[in-house]
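Below you'll find the structure, written out as structure tokens, and then a few comments.
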Amino acid sequence: RRSGASVGSIYHHFGDKEGIASALYLDLLRDYQAGVVAVLTGARDAERTVTGLVRHHLRWVEADPDRARFLLTGLPPRAAGSISEVNRDGLRATAEFLERGIDAGELADLPLDVFYAVLIGPAQEFCRHWLQGRMRTSLRAAERSLATAAWRALGAYGT
């Protein structure tokens, strides 16, 4: 409605509702990943980066729960083929950060997929429950605990 485009022109461009859903999903994922890349490129040290990535995740969800809910509820089938391309820059930047952190002795020596699961897993699960109205604690109130837990799990053992 805000764009002034007719329903027919929207369907001409996207094909059908699934095409619209796929385009929206990929747009939201690009926005989320841009924030990830911004945290990683602005990194000063491993701890601030790890905690910054968790904070980005929580704040992105909090900023617009509807778009977060859409992104977290599942991947539209037509968007699946484009996920690797959309995630490419974020994953590359994360892999480079992890490699540098391991080489510097700042991060635990973990495979990228395990690193990412430990980094975002607890915050992601908290967000899913929060979006469903099952958490009494706000995202902001949980932020410090979740960010600290991620750093404790991912910092080089003994630091």
Could you check, for segment 58-80, whether at least one of its residues is open to solvent by 60 Å² or more (accessible area, probe 1.4 Å), at pLDDT 95 or above, more than 16 Å from the chain's Cα centre (by Cα) and closer than 22 Å to residue 153 by Cα?
-> no
Qualifying residue in segment 141-157 (condition: assigned to a helix (DSSP H, G or I), surrounded by 12 or more Cβ atoms within 10 Å (Cβ to Cβ), charged (D, E, K, R) and out of contact with any Leu (no Cβ under 8 Å at 6 or more places or on another chain)) = yes
If you take the residues in segment 1-47 that are open to solvent by 40 Å² or more (accessible area, probe 1.4 Å) and of a type in the set (S, T, N, Q), which one is nearest to the chain's Cα centre (by Cα)?
-> 41
Count of residues meeting criterion [farther than 20 Å from residue 25 by Cβ, under 14 Å from the mean Cα position of the chain (by Cα) and among the charged types (D, E, K, R)] in segment 93-137 = 2
Return only the number of the condition from (1) at pLDDT below 95; (2) not in a helix (DSSP H, G or I) that residue 91 does not satisfy.
-> (2)
So is residue 83 of a type in the set (A, V, I, L, M), loosely packed, with under 14 Cβ neighbours inside 10 Å and touching a residue at least 24 places away in the same chain (Cβ under 8 Å) or not?
-> yes
Test result for residue 106, open to solvent by 80 Å² or more (accessible area, probe 1.4 Å) and more than 27 Å from residue 21 (Cα to Cα) = no
Can you give me the number of residues within segment 123-140 that are open to solvent by 70 Å² or more (accessible area, probe 1.4 Å) and either assigned to a helix (DSSP H, G or I) or of a type in the set (Lys, Arg) (or both)?
-> 5
Could you tell me whether residue 52 is buried (at least 16 other Cβ atoms within 10 Å of the Cβ) and either outside any helix (DSSP H, G or I) or touching a helix residue (DSSP H, G or I) at 6+ places or on another chain (Cβ under 6 Å) (or both)?
-> yes
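The values are calculated or read from the model by the stated rules, or taken from the named source; none is laboratory data. Worth saying up front: this structure is predicted, and the values here are computed from it rather than measured. Using ideal geometry, Cβ is built from the backbone for each residue, glycine included, and neighbour counts are taken over all protein chains shown. Heavy atoms of the whole protein, side chains included, go into the accessibility calculation; ligands, DNA and RNA do not. Shrake-Rupley method; radii C 1.70, N 1.55, O 1.52, S 1.80 Å.
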